[in-house]
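Structure record follows, encoded as structure tokens.
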Amino acid sequence: MKKFVVIFSLFFSITVSGQKLVATASGLRDSSNIEKTFVVINVEGKTAKELYENAVKYINKAYRSADDVIKGKTEGEYLKFITTAPDFAYYKFGFGKVFIDGKYTVELTFRDGKVKYEVIELLMFKLTDGFMNNYFFKDNLMGVFNSRLKLAKPELKTSLEFYFNHEIKSLTDALNEKHKNDNW
């Protein structure tokens with residue numbers, strides 16, 4: 001199993017080619033510079049306006065009601081959206097897995113040839129018997145890391161990173177207009 005995780009992680013890190021977030025005790029950070037709370041997606045040959053339009057198309061296709069998701073925008077420059085994701089991360093508990101729900105806010109800033117992707121707010125929670133257990137508070141990943149900032153739930157860290165890096169990869173494909181051919 002560990003070999004599979006290592007091989008899968010290696011493959012996935014190659015596919016996102018540098019635009020990758022890692023979970024640290026102080027929140028999500030750029031894997032190549034953990035001082036940065038964002039990643040920059042490079043898209044050669046596209047203007048800021050084209051990138052903005054492709055991002056809006058991506059959100060329109062990815063979400064049922066894009067108008068409810070988009071919370072701020074400046075044409076060709078800036079886009080903010082909020083989304084919820086049920087069961088988007090997990091950790092092991094006994095012989096099973098506990099799935100965590102998430103609600104997060106992403107800001108996209110556009111310039112010619114690049115997009116800044118930043119998760120500005122993340123709430124991870126699990127409803128248990130009507131009570132909401134929070135796992136993230138603004139700038140720290142409590143629950144993933146313990147009070148001494150040691151990794152407490154490695155599966156939660158890995159699944160969290162996988163989720164957001166998959167989102168970055170999907171957005172990158174949309175920005176580059178790499179869509180599946182809809183031959184019908």
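Since every read-out is calculated from the coordinates, none of them should be taken as a lab result. It should be emphasised that the depicted structure is a prediction, and the values quoted were computed from it without experimental measurement. Every residue, glycine among them, receives a Cβ derived from its backbone with ideal geometry; neighbour counts consider all protein chains shown.
Observations
- Separation of the alpha carbons by more than 20 angstrom is noted, of Lys20/Lys157; Lys92/Lys157; Lys116/Lys157; Lys73/Lys157, for Lys116/Lys157; Lys73/Lys157.
- Working note: Cα atoms of segment 33-173, range along each principal axis, descending, whole Å: 50, 34, 24.
- Pairwise label distance in nanometres, Thr105 with Thr74, each label 7 Å out on the Cα-Cβ vector: 1.6 nm
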